[in-house]
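The values are calculated or read from the model by the stated rules, or taken from the named source; none is laboratory data. Please read all numbers here as calculations on a predicted model, not as lab measurements. Note: ideal-geometry Cβ built from the backbone for every residue, glycine included; neighbour counts use all protein chains shown. The protein model used for the area step is the full one, side chains on, heavy atoms only, and it has no ligands, DNA or RNA in it. Shrake-Rupley method; radii C 1.70, N 1.55, O 1.52, S 1.80 Å.
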Amino acid sequence: MTKLLVTGKSGRMGQAVIAAAEANPEAEVGATHDVGEDLATAIAKADTVIDFTIHSFTRQVLDAALAGGTRLVIGTTGHSDPERESIAKAAETLPIVFAPNFSVGVNTLFWLTRKAAQILGQDRFDIEVVEMHHRHKIDAPSGTARRLLEILNEETGTSYGDDVTHGRYGMTGARPRKEIGMHTLRGGDVVGDHTVVFAAEGERVELSHKASSRMTFAAGAVHAAVWLADKPAGLYDMQDVLGLK
(Lines give C-alpha, C1' and ligand atoms only; values in the text may rest on other atoms or scores of the structure.)
Protein backbone atom coordinates (compact mmCIF):
# COMPACT_ATOMS: atom_id res chain seq x y z
CA MET A 1 0.00 0.00 0.00
CA THR A 2 1.40 3.39 -1.03
CA LYS A 3 0.84 6.09 1.58
CA LEU A 4 0.43 9.50 -0.02
CA LEU A 5 0.94 13.06 1.10
CA VAL A 6 -1.34 15.27 -0.99
CA THR A 7 -0.25 18.90 -1.03
CA GLY A 8 -2.64 21.74 -1.79
CA LYS A 9 -5.48 19.76 -0.25
CA SER A 10 -8.02 22.60 -0.59
CA GLY A 11 -7.30 23.23 -4.28
CA ARG A 12 -9.15 21.76 -7.24
CA MET A 13 -6.39 19.28 -8.07
CA GLY A 14 -5.72 18.47 -4.44
CA GLN A 15 -9.34 17.47 -3.95
CA ALA A 16 -9.27 15.42 -7.14
CA VAL A 17 -6.10 13.57 -6.07
CA ILE A 18 -7.63 12.73 -2.69
CA ALA A 19 -10.71 11.32 -4.43
CA ALA A 20 -8.54 9.35 -6.88
CA ALA A 21 -6.49 7.89 -4.02
CA GLU A 22 -9.65 6.77 -2.27
CA ALA A 23 -10.70 4.97 -5.45
CA ASN A 24 -7.35 3.18 -5.91
CA PRO A 25 -7.00 0.00 -3.80
CA GLU A 26 -3.20 0.26 -3.88
CA ALA A 27 -3.01 3.75 -2.37
CA GLU A 28 -4.21 5.66 0.65
CA VAL A 29 -3.90 9.24 1.84
CA GLY A 30 -1.55 9.23 4.81
CA ALA A 31 -1.44 12.99 5.18
CA THR A 32 -2.45 16.26 3.52
CA HIS A 33 -0.90 19.70 3.49
CA ASP A 34 -2.04 23.23 2.81
CA VAL A 35 -0.66 26.75 3.12
CA GLY A 36 0.41 27.52 6.70
CA GLU A 37 0.70 23.89 7.81
CA ASP A 38 3.92 22.13 8.76
CA LEU A 39 5.31 20.26 5.76
CA ALA A 40 7.89 18.19 7.68
CA THR A 41 5.22 16.77 10.00
CA ALA A 42 2.99 15.85 7.06
CA ILE A 43 5.74 14.29 4.96
CA ALA A 44 6.78 12.00 7.84
CA LYS A 45 3.40 10.24 7.52
CA ALA A 46 3.81 9.27 3.87
CA ASP A 47 6.22 7.52 1.53
CA THR A 48 5.22 9.44 -1.62
CA VAL A 49 4.24 13.08 -2.18
CA ILE A 50 1.86 14.15 -4.94
CA ASP A 51 2.24 17.87 -5.61
CA PHE A 52 0.01 19.91 -7.93
CA THR A 53 0.43 23.30 -6.27
CA ILE A 54 2.63 26.09 -7.65
CA HIS A 55 6.16 26.03 -9.03
CA SER A 56 7.51 28.34 -6.32
CA PHE A 57 6.60 25.70 -3.70
CA THR A 58 8.54 22.92 -5.42
CA ARG A 59 11.84 23.81 -3.75
CA GLN A 60 10.29 23.36 -0.29
CA VAL A 61 8.79 20.03 -1.31
CA LEU A 62 12.14 18.86 -2.68
CA ASP A 63 13.99 19.83 0.51
CA ALA A 64 11.45 18.07 2.72
CA ALA A 65 11.46 14.96 0.52
CA LEU A 66 15.25 14.81 0.49
CA ALA A 67 15.32 15.10 4.28
CA GLY A 68 12.81 12.28 4.68
CA GLY A 69 13.82 10.07 1.75
CA THR A 70 10.33 10.42 0.32
CA ARG A 71 9.38 9.65 -3.27
CA LEU A 72 7.83 12.44 -5.37
CA VAL A 73 5.19 12.85 -8.06
CA ILE A 74 5.28 16.43 -9.39
CA GLY A 75 2.46 17.68 -11.62
CA THR A 76 3.06 21.38 -11.08
CA THR A 77 3.90 23.35 -14.23
CA GLY A 78 5.48 26.71 -15.04
CA HIS A 79 8.93 25.93 -13.58
CA SER A 80 11.90 28.07 -14.53
CA ASP A 81 15.05 26.43 -15.89
CA PRO A 82 16.78 26.64 -12.47
CA GLU A 83 13.74 25.05 -10.82
CA ARG A 84 13.82 22.22 -13.38
CA GLU A 85 17.51 21.76 -12.64
CA SER A 86 16.77 21.45 -8.91
CA ILE A 87 14.24 18.69 -9.65
CA ALA A 88 16.78 16.84 -11.79
CA LYS A 89 19.39 17.19 -9.04
CA ALA A 90 17.02 15.78 -6.39
CA ALA A 91 16.30 12.84 -8.71
CA GLU A 92 19.91 11.75 -8.31
CA THR A 93 18.90 10.79 -4.76
CA LEU A 94 15.13 10.18 -4.98
CA PRO A 95 12.79 8.47 -7.44
CA ILE A 96 10.69 11.28 -8.97
CA VAL A 97 7.95 11.27 -11.59
CA PHE A 98 7.88 14.76 -13.11
CA ALA A 99 5.36 15.21 -15.92
CA PRO A 100 3.43 18.09 -17.49
CA ASN A 101 0.34 15.90 -17.79
CA PHE A 102 -0.71 12.62 -16.14
CA SER A 103 -3.56 11.77 -18.51
CA VAL A 104 -3.23 8.54 -20.51
CA GLY A 105 -4.85 10.31 -23.45
CA VAL A 106 -2.46 13.25 -23.39
CA ASN A 107 0.55 10.96 -23.16
CA THR A 108 -0.82 9.16 -26.21
CA LEU A 109 -1.00 12.59 -27.87
CA PHE A 110 2.69 13.11 -27.05
CA TRP A 111 3.51 9.78 -28.71
CA LEU A 112 1.36 10.51 -31.77
CA THR A 113 2.82 14.01 -32.14
CA ARG A 114 6.33 12.59 -32.24
CA LYS A 115 5.37 10.03 -34.88
CA ALA A 116 3.51 12.61 -36.97
CA ALA A 117 6.47 15.00 -36.85
CA GLN A 118 8.78 12.19 -37.97
CA ILE A 119 6.52 11.33 -40.91
CA LEU A 120 5.31 14.78 -42.00
CA GLY A 121 8.26 16.99 -41.06
CA GLN A 122 8.42 20.67 -42.04
CA ASP A 123 9.41 20.43 -45.69
CA ARG A 124 5.75 20.61 -46.69
CA PHE A 125 3.80 20.91 -43.44
CA ASP A 126 3.53 24.01 -41.25
CA ILE A 127 3.08 23.24 -37.55
CA GLU A 128 0.89 25.10 -35.06
CA VAL A 129 -0.06 24.30 -31.45
CA VAL A 130 -3.24 25.60 -29.77
CA GLU A 131 -4.19 25.17 -26.11
CA MET A 132 -7.08 26.41 -23.98
CA HIS A 133 -7.57 26.33 -20.21
CA HIS A 134 -9.83 27.87 -17.58
CA ARG A 135 -9.54 31.52 -16.64
CA HIS A 136 -7.68 30.78 -13.38
CA LYS A 137 -4.61 29.10 -14.92
CA ILE A 138 -1.54 31.22 -14.15
CA ASP A 139 1.12 29.92 -16.58
CA ALA A 140 1.17 30.13 -20.37
CA PRO A 141 1.66 28.18 -22.46
CA SER A 142 0.52 25.20 -20.43
CA GLY A 143 3.05 22.60 -19.36
CA THR A 144 1.42 20.14 -21.76
CA ALA A 145 1.74 22.56 -24.68
CA ARG A 146 5.35 23.23 -23.73
CA ARG A 147 6.06 19.49 -23.83
CA LEU A 148 4.38 19.22 -27.24
CA LEU A 149 6.64 22.01 -28.47
CA GLU A 150 9.71 20.28 -27.05
CA ILE A 151 8.77 17.08 -28.90
CA LEU A 152 8.28 19.04 -32.13
CA ASN A 153 11.61 20.83 -31.62
CA GLU A 154 13.37 17.50 -31.08
CA GLU A 155 11.92 15.93 -34.22
CA THR A 156 12.27 18.94 -36.56
CA GLY A 157 15.67 20.23 -35.46
CA THR A 158 14.19 23.55 -34.30
CA SER A 159 14.52 25.35 -30.97
CA TYR A 160 12.02 26.79 -28.52
CA GLY A 161 13.88 30.08 -28.26
CA ASP A 162 14.49 30.70 -31.95
CA ASP A 163 11.65 29.06 -33.85
CA VAL A 164 8.50 29.15 -31.67
CA THR A 165 6.24 32.16 -32.23
CA HIS A 166 3.71 32.95 -29.50
CA GLY A 167 0.73 34.36 -31.37
CA ARG A 168 0.94 36.86 -34.20
CA TYR A 169 0.05 40.52 -34.58
CA GLY A 170 0.41 43.13 -37.29
CA MET A 171 2.28 42.84 -40.59
CA THR A 172 4.23 39.68 -39.82
CA GLY A 173 5.20 38.85 -43.39
CA ALA A 174 5.29 35.37 -44.87
CA ARG A 175 5.56 32.46 -42.45
CA PRO A 176 9.18 31.21 -42.05
CA ARG A 177 9.51 27.53 -42.96
CA LYS A 178 10.93 26.47 -39.58
CA GLU A 179 8.45 28.50 -37.51
CA ILE A 180 6.14 26.71 -35.06
CA GLY A 181 3.16 28.74 -33.88
CA MET A 182 1.97 28.62 -30.26
CA HIS A 183 -1.46 30.00 -29.38
CA THR A 184 -2.84 30.20 -25.83
CA LEU A 185 -6.54 30.69 -25.00
CA ARG A 186 -7.97 31.30 -21.52
CA GLY A 187 -11.58 31.39 -20.41
CA GLY A 188 -14.44 29.82 -18.51
CA ASP A 189 -13.93 26.46 -16.81
CA VAL A 190 -12.09 24.60 -19.59
CA VAL A 191 -10.09 21.79 -17.95
CA GLY A 192 -7.63 21.47 -20.82
CA ASP A 193 -7.73 21.34 -24.64
CA HIS A 194 -4.63 20.77 -26.81
CA THR A 195 -4.36 20.54 -30.59
CA VAL A 196 -1.34 20.10 -32.85
CA VAL A 197 -1.94 21.15 -36.46
CA PHE A 198 0.16 20.01 -39.44
CA ALA A 199 -1.00 22.09 -42.42
CA ALA A 200 0.15 21.75 -46.04
CA GLU A 201 -1.27 22.82 -49.37
CA GLY A 202 -4.27 20.61 -50.04
CA GLU A 203 -4.40 18.78 -46.69
CA ARG A 204 -4.26 19.21 -42.93
CA VAL A 205 -3.66 16.78 -40.06
CA GLU A 206 -4.92 17.68 -36.57
CA LEU A 207 -4.18 15.78 -33.37
CA SER A 208 -6.37 16.83 -30.43
CA HIS A 209 -7.05 15.95 -26.83
CA LYS A 210 -9.82 17.51 -24.75
CA ALA A 211 -10.12 16.90 -21.02
CA SER A 212 -13.48 17.30 -19.30
CA SER A 213 -12.52 16.19 -15.78
CA ARG A 214 -9.52 16.71 -13.50
CA MET A 215 -9.99 13.13 -12.32
CA THR A 216 -8.21 12.05 -15.50
CA PHE A 217 -5.02 13.74 -14.28
CA ALA A 218 -5.53 12.84 -10.62
CA ALA A 219 -6.01 9.12 -11.30
CA GLY A 220 -2.89 9.14 -13.47
CA ALA A 221 -0.86 10.80 -10.72
CA VAL A 222 -1.98 8.21 -8.15
CA HIS A 223 -1.13 5.44 -10.61
CA ALA A 224 2.33 7.02 -11.05
CA ALA A 225 2.82 7.10 -7.27
CA VAL A 226 1.99 3.39 -6.99
CA TRP A 227 4.28 2.59 -9.96
CA LEU A 228 7.13 4.51 -8.31
CA ALA A 229 7.09 2.34 -5.18
CA ASP A 230 9.83 -0.08 -6.26
CA LYS A 231 11.82 2.21 -8.54
CA PRO A 232 15.40 3.38 -7.88
CA ALA A 233 16.41 7.04 -7.76
CA GLY A 234 15.91 8.74 -11.10
CA LEU A 235 13.82 11.23 -13.04
CA TYR A 236 10.82 9.58 -14.71
CA ASP A 237 7.79 10.84 -16.62
CA MET A 238 4.41 9.37 -17.60
CA GLN A 239 5.88 7.89 -20.76
CA ASP A 240 7.93 5.68 -18.41
CA VAL A 241 4.93 4.89 -16.20
CA LEU A 242 2.77 3.89 -19.18
CA GLY A 243 5.52 1.99 -20.98
CA LEU A 244 5.42 4.26 -24.03
CA LYS A 245 9.19 4.65 -24.31
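Note that segment 45-204 presents 47 Å² accessible area per residue, ligands and nucleic acids not counted, probe 1.4 Å. The helix-only estimate of mean residue ellipticity at 222 nm for the chain, built from DSSP H runs of length n ≥ 4 each weighted as -39500 (n - 2.57), is -11000 deg cm²/dmol after division by the residue total. Quick one: work out Rg over Rh on the C-alpha atoms of the chain, Rh as Kirkwood radius. With Rh from the inverse mean 1/r over Cα pairs, Rg/Rh is 1.00.
Counting only protein heavy atoms and a 1.4 Å probe, segment 205-245 has 49 square angstrom of accessible area per residue.
Assuming R0 = 41 Å, what is the FRET efficiency of E150 and A229, from their Cβ-Cβ distance, to the nearest 0.05? Each step should come with its number before you reach the end.
Details: r = 28 Å, r/R0 = 0.68.
Result of the calculation: an efficiency of 0.90.
Taking the accessible area of the chain, probe 1.4 Å, and keeping the other protein chains in place, the carbon and sulfur fraction comes to 52%. Protein-only accessible surface at a 1.4 angstrom probe places the residues F57, F102 in the order F57, F102, largest first. Once the Cβ-Cβ distance between T165 and K245 is put in as r, and R0 is 30 Å, what FRET efficiency do you end up with, to the nearest 0.05? The value I calculate is 0.50. Ranking M238, M171, M1, M132 from most to least accessible surface, computed with a 1.4 Å probe over the protein chains only, gives M171, M1, M132, M238.
Can you give the FRET efficiency for R135 and E28, using 1/(1 + (r/R0)^6), R0 = 25 Å, r = Cβ-Cβ distance, to the nearest 0.05?
Working: r = 34 Å, r/R0 = 1.35.
The pair R135/E28 has a calculated efficiency of 0.15.
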